[in-house]
Amino acid sequence: MTMPFYVSPEQVMQDKAEYARKGIARGKSSVTLEYDAGVLLMAENPSSLSKIGEIYDRIAFAGVGKFSEFDQLRKLGVRYADTRGYAYSRDDVRAKGLANAYSQAMGEVFTRELKPLEVEVIVAEVGDDTLAGHERNAIYRVQFDGSISDHKGFCVIGGAAEELGSLLRSEYRDGLPLKEALLLGYRALQRAADREPNVTADNIEVCLLERHRAGRKFRRLDTDTLREHLGT
Amino acid sequence: MPISFGGRYQGSSFSELLGIDHAQLVPDWGRLCPVGLDLEGVPHGTTVLAFKYADGVIVAGDRLATEGHRVASRDLEKVLATDDYSLIAIAGAAGPALEMARLMRIELEHYEKIEGERLELDGKANRLSQMVRANLPAAMQGLVVVPVFAGYDLRRRQGRLWKFDVTGGRYEETEYEATGSGGLYARESLKKSYDASAPREAGLRAAIQALADAADEDRATGGVDLERGIYPIVNFCTASGIERAGDEEIDRIYREILSTRRRVPARGGRR
């Protein structure tokens, strides 16, 4: 009969974290940027399966890593938001609450399950000038172990997050117009894909949360509109 | 590996999600409303109508809600957009009807966000019929909700409309439909003015005329309230979305209709 080896909890956590990081590093990256009239979400994505999605009136979601896992998270977010909006009011649905719920659920999986989630997600919220106290944008990043952080200006998740982060840190400034923000995000994604430099308007996914739009502020840019903006 | 916030439901329907994971939020009047409730004290919506015209479909309704013989509200909105291309017009017990319209709107948005695609117009009508059916126990106790559903079918490129009965029966109408306490009179009016190829202006006139006719015969229907400046809701639903007619436009057409109907005092009047 074989005896199970003793493995220290530190070792277990380290192994899981390493496993998750490797999984995420294999995938592509996603960038979220604030611009002068809203929040811009971009992801390198050659497939027709979306990595970015609408959660609620002012909230959007972006995920990287394993599709089946972050898509489950996206759907959970939609269910959370719609239920909350139905029980209270549409203005009571906030990104912070959702990011916290993600953090709880992802942390739970990380500690309890053998296999950790191989995903990172962003929850972005655009401000609304007509609601006093809700004018500011918010960007939250939740990692595979449930650790949560909030970001000003921009946030990068996915395989080449470090590298993209340094590019954006040096080139991002507040109040960029949409066109410039799009170009900056586009260049960042191109740099991330250095190994296979074929990022074009055809294989990136771009969504906006537009501050001035009434009601549901989420909009997906089609390839033609995107080409127009990028001038390609 | 299931990731969850504590819920079990995995599908795309918001009303099912409520039923399975948030049962306390499900509006279930059948259970809540004891038999023998004085329904006179519950506001009721009155006349709504829908009909096809050249560009799609027109959905309209008056603004009055009544509690028995009293006015409950003079400016209730009984025609509501359920998404960018469909509308629900409600008559009957106002509370459950408005809640059904609200649920329907969330249902469609929820499906669109979960699935990444909109339901077809037929699918939307079918969903609504299931909601009306779920309200049957409440309807048996008097809280009847009978909506008219209309929209622009982007696949078939035409306006379409449905009426419902309390059992959830769903009947597609080819021309026009009106329901509520003044529905009969509105239908009689539409029967004479209906023209499938009517342009916008003629369609608007037919809608206002039908509501004015209903208000004339049915005391519970509001019609146009010139005194307070409360106008009926008239919505146009076409390939480019939903557009609501402005109050000035309705005012102008209503006054034209009035001027053709006004008579010089005769018979029995003082000379």
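Some points to look at:
- Among the listed pairs A:LYS16/A:LYS66; B:LYS124/B:LYS191; A:LYS66/A:LYS115; A:LYS22/A:LYS66, a Cα-Cα separation exceeding 18 Å is found for B:LYS124/B:LYS191.
- Loop-located trypsin sites (Lys or Arg not before Pro) in the stretch B:131-199, at most 11 other Cβ atoms within 10 Å (DSSP): B:ARG155, B:ARG156, B:ARG157
- At 1.002 mPa s and 20 °C, Stokes D of the stretch A:177-232 from Kirkwood alpha-carbon radius, µm² per second: 176
- Take every Cα pair under 8 Å whose residues are at least 6 apart in sequence, average their separation, divide by the length of chain A, and the relative contact order is 28 percent.
- Taken over the C-alpha atoms, the protein assembly as shown has Rg and Dmax values of 27.4, 118 angstrom.
- Kirkwood hydrodynamic radius of the stretch B:42-261, from inverse mean 1/r over distinct Cα pairs, in Å: 17.1
- Viscosity 1.002 mPa s, 20 °C: Kirkwood-radius Stokes-Einstein D of the stretch B:34-158 over Cα pairs, µm²/s: 140
- Where the Cα pairs of the stretch A:26-150 fall when distances are cut into 10 Å bins, in %: 13, 45, 33, 8, 1
- Candidates per trypsin sites (Lys or Arg not before Pro) in the stretch B:1-108, loop by DSSP, up to 14 other Cβ within 10 Å: B:ARG8, B:ARG74
- Mean separation of Cα contacts under 8 Å, 6 or more apart, over the residue count of the stretch B:42-261: relative contact order %: 28
- With at most 13 other Cβ atoms within 10 Å, longest stretch of chain A clear of loop GluC sites (Glu not before Pro) (DSSP): A:1-112
- Folded to 0 to 90 degrees: helix A:9-26 orientation relative to chain A principal axis, Cα: 40
- All Cα-Cα separations within the stretch B:100-150 were binned at 5 Å from zero, giving a P(r) of 5, 19, 28, 22, 13, 8, 4, 1, each value a whole percent of the pairs.
- Under DSSP loop assignment and at most 11 Cβ neighbours within 10 Å, longest chymotrypsin sites (Phe, Trp or Tyr not before Pro)-free interval of chain A: A:89-232
- For the stretch A:124-232, average projected area of the Cα convex hull in nm²: 8.2
- Total charge dipole magnitude, the stretch B:42-261, about the Cα centre, Cβ charges on Lys, Arg, Asp, Glu only, Debye to nearest 20: 280
- Diffusion coefficient, µm² s⁻¹, Stokes-Einstein with Kirkwood Rh over alpha-carbon pairs of chain A at 20 °C and 1.002 mPa s: 118
- Filter on A:LYS28/A:LYS51; B:LYS52/B:LYS113; A:LYS51/A:LYS152 - keep pairs with C-alpha separation over 19 Å: B:LYS52/B:LYS113; A:LYS51/A:LYS152
- Contact order relative to length of the stretch B:181-271, as percent, for alpha carbon pairs under 8 angstrom and 6 or more apart: 24
- Modelled label positions at B:ASN126 and B:GLU217, each set 7 Å beyond Cα in the direction of Cβ, lie 3.6 nm from each other.
- Rough spin-label spacing in nm, given labels placed 7 Å along Cα→Cβ, for B:ARG261 and A:SER48: 5.3
- Cα long-axis angle, helix B:94-115 against chain B (0 to 90 degrees, to the nearest 10): 50
- Taking all pairs of distinct alpha-carbon atoms in the stretch B:113-201, Kirkwood radius in angstrom: 14.7
Every number in this text was worked out from the coordinates using simple rules, so none of it is lab data. Keep in mind that what you see is a predicted model, and the values were worked out from it rather than measured. Glycine also receives a Cβ, built like all others from the backbone with ideal geometry; neighbour counts cover every protein chain displayed.
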